[in-house]
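I have placed the structure first, in the form of structure tokens, so that the comments after it can refer back to it.
A short reminder: the numbers here are calculations on the coordinates, not readings from a lab. The model shown is predicted, which means the values in this text are computed figures rather than measured ones. All Cβ positions, even for glycine, are placed from backbone atoms using ideal geometry, and neighbour counts span all protein chains on display.
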Amino acid sequence: RKSTNKRTLSGTISATFAFAAHRSTAIAITPDGLEGWVVNPDHGTVSVFGTQGANANQLIAQVTVGAEPWCVDTHPTNGEVWVTSLREDKIYVINGPARSVVATIPIGFETFGVAFNPSGTTALATATGADKIYAVDVATRVELTLVAAGARADMGQVDAALVVLQIPELTKLP
């Protein structure tokens, strides 16, 4: 995004200044502690930097993802890095060692945050525009459950907060 300020000087001279916004937000460290991954919302990329050894404090790579990446998490065991795209309403799945996008997962409006459970079988993703939290099966990359983020346990809305998607099991061929 570029911000433009127009100023009038002495009533007759006009000058335009363009400032490019540069910001990084969320950061995740790989389970082995050797690399950090950080999103660059203004550039649609994720940067990989070294945290220890010969690559410490050095930019190692940049991976292009969708518009306005916002949050990143590193999988605890399989080497994947998941990045949310606030503008594109999806998660980009990156093969960490190969530094390439291998899949995208559509989530909800304004996909914001992502985090893995400790075993890495499920990822939780938030969609702020939809007021929902989505549980995604990591192996199949299929959405499992929805949690209505606006439900309040303190007001007795616990049961209403969880909606389980019903997917009939395939027991025989058509």
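Overview of values
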| read-out | value |
| --- | --- |
| Sum of side-chain charges, ILE105 neighbourhood, beta-carbon under 12 Å (Lys, Arg +1; Asp, Glu -1) | -3 |
| Spin-label model distance (nm) - ARG99 vs ALA54, 7 Å beyond Cα toward Cβ | 1.5 |
| Net charge over other residues, Cβ less than 11 angstrom from the Cβ of ILE91 (K, R count +1; D, E count -1) | -3 |
| Label-point separation, ALA67 to PHE109 (7 Å along Cα→Cβ), nm | 1.6 |
| Net +/- balance of residues flanking ALA123 in space, Cβ distance below 11 Å, scoring K and R +1, D and E -1 | -3 |
| Long-range HN-HN contacts of LYS90 with modeled amide H, under 5 Å | SER85, ILE107, THR111 |
| Amide H contacts under 5 Å for LYS132, placed H, 5+ residues apart | ALA127, ALA149 |
